[in-house]
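Engineer: I have a structure here, written as structure tokens, and I will follow up with some questions on it.
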Amino acid sequence: MRQSKLFTKTIKDAPKDEVSVNAQLLIKAGFVDKLMAGVYSYLPLGLLTLRKINDVVREEMNAIDGQEILMPALSPKELWDKTGRWEDPGTEVMFQFKGRSDKELGLGWTHEEVVTPLVQKFVKSYKDLPVAVYQIQDKFRNEPRAKSGLMRGIEFSMKDLYSFHTTEEDMWDYYEKSKQAYLNVFNRCGLDAKIVEASGGAFSKYSHEFQVLTEYGEDTVFYCSKCDFAQNSEISKVKAGDKCPKCGESISEGKAIEVGNIFPLKTKYSSAFKFKYTAENGKEQDVIMGCYGIGPSRVMGSVVEIHHDDKGMIWPEEIAPFKVHLLFLGKDDKIKAAAEKLYLGLNEAGIEVLFDDRDVSAGVKLNDSDLIGLPYRIVVSEKTLAEDSVELKKRADEKVDLVELKKVVKMLSA
């Protein structure tokens, strides 16, 4: 893509009310635009990134037999009355209003009340189970603390998967598979997530959160650096310096960002909707359920919080909007012609490239490139052409390599 064709522009200063790193950098780089607190428009670069995160999520959910659907964001009060959640938590969380004929409606902040009767229409027998369905859809929460950019929104992207089983044992087996699928998602997005025990509420002793340690985090976790023990501070009975209950090593304390969570729902929602299946012995049994959530927009914000420096963002390759940022510096037609030829060559090789063909100064181009943070930067200049070469630099490294023009496409294709 030619940068001159982007209708968006980088800006020097983010809105003064944005204090989080992800909001400041994403706005300055032209990835998102703030409409109001907790609500953002995704601009071309930001939407490309969000879609790549969604693609990673889809691949990993499909790998554990998830089937993608898309449910309405709008739902009637009657469904929520069955579970009691129209009144509790009610408008504390849910946007509720009246449509025509005074019909009471709500915007989905979660989808158990919609997915349970939906799957119930098709699942009748033990032969129809297990089944897992998921969607990637905007959710709406009447968030009283809309802040931290994409980390805590009123409208936000969510992947919610729901699994349906004949037995708790089968549900727990799937629950364990989902843990690894989630770790795969976060690893591919450049996040080192810990599986952290959290409150299971009315469902079980524990649910599990996926937390990424960072000084910018909102949550506090206690964890062992030797084994996999980790607990949210809300439930933890150990503190920093205590011995790990699993291996005896010293417990550490850290700030973290929650990027996903999974819950064993058991029969809470199937019972509310009288969702049963006919077992092999002919008797009716309650369907057992699990719930698994990842916020792709939250993942996007988390990546920026963790992968940045004082110049801008540093995107992991798999979710960057483009792999390469191509710049030419100087007014000479030969420099521009060489950059144009390289741009075509990169495109023909299937390498995603953002070509800064704007008529602006070298300083503006270099600063914008650092701010946008694509994995690789190529610079064509009078100096490099004198040696039939280009400068190739990884955004995450300080080292700059001089690479022959004829070799650079092949190198980036490897």
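Quick note: the coordinates plus some simple rules give every number you see, no bench work behind them. What you see is a predicted model, and the numbers here were worked out from it, not measured in a lab. Heads up, the Cβs are rebuilt from the backbone with ideal geometry, glycines too, and the neighbour counts pull from every protein chain shown.
Engineer: How high is the relative contact order of the stretch 322-413, in percent, counting Cα pairs under 8 Å that sit 6 or more residues apart?
Structural biologist: It comes to 32 percent, rounded to a whole number.
Engineer: If you don't mind, another one. Between 353, 19, 57, which gets the highest mean-square fluctuation from a Gaussian network model of the chain, Cα cutoff 10 Å?
Structural biologist: Highest fluctuation among the options: 19.
Engineer: Here's another thing I want to ask about it. Report the relative contact order of the chain, percent, no decimals, based on alpha-carbon pairs under 8 angstrom and at least 6 residues apart.
Structural biologist: Relative contact order comes out at 15 percent.
Engineer: Something else: Residue separation times 0.36 nm, minus the C-alpha to C-alpha distance between residue 406 and residue 225: what's the value?
Structural biologist: Once the chain is fully extended between residue 406 and residue 225, it gains 60.5 nm.
Engineer: Say R0 is 41 Å: what FRET efficiency, to the nearest 0.05, do residue 19 and residue 283 get from their beta-carbon distance?
Structural biologist: For residue 19 and residue 283, the calculated efficiency is 0.10.
Engineer: Tell me, in nm to one decimal, what length is gained between residue 247 and residue 102 on full extension, where the rule is 0.36 nm per residue of separation less the Cα-Cα distance?
Structural biologist: 46.3 nm
Engineer: With a 10 Å cut-off between alpha carbons and a GNM built on the chain, which of 22, 367, 281 moves the most?
Structural biologist: Maximum fluctuation in the GNM of the chain, among the listed residues, is at 281.
Engineer: What aspartates and glutamates sit close enough to residue 5 to cross-link, taking a C-alpha to C-alpha distance under 16 Å and skipping anything fewer than 8 places away on the same chain?
Structural biologist: Candidates past the 8-residue exclusion: 340, 352, 356, 357, 359, 368.
Engineer: Could you work out how far the C-alpha centroid of the stretch 18-58 sits from that of the stretch 234-289, in angstrom?
Structural biologist: 31
Engineer: Whole-Hz Karplus ³J(HN,Hα) for the stretch 107-119, in order, using 6.51 cos²θ - 1.76 cosθ + 1.60 and θ = phi - 60°, x for Gly and Pro?
Structural biologist: Calculated HN-Hα couplings, in order: 8, x, 9, 7, 9, 4, 5, 9, 6, 5, x, 5, 5 Hz.
Engineer: Take every DSSP beta bridge whose two residues both sit in the stretch 322-413, then give the antiparallel share in percent to the nearest 5.
Structural biologist: Close to 45 percent.
Engineer: Between residue 331 and residue 205, 0.36 nm times their residue separation minus their Cα-Cα distance comes to what?
Structural biologist: So the extension gain works out to 38.7 nm.
Engineer: Further question: Springs between alpha-carbon pairs under 10 angstrom, Gaussian network model over the chain: which of 104, 318, 59 fluctuates most?
Structural biologist: 104
Engineer: Quick one: check the C-alpha center-to-center distance for the stretch 336-368 versus the stretch 193-224, whole angstrom.
Structural biologist: 43
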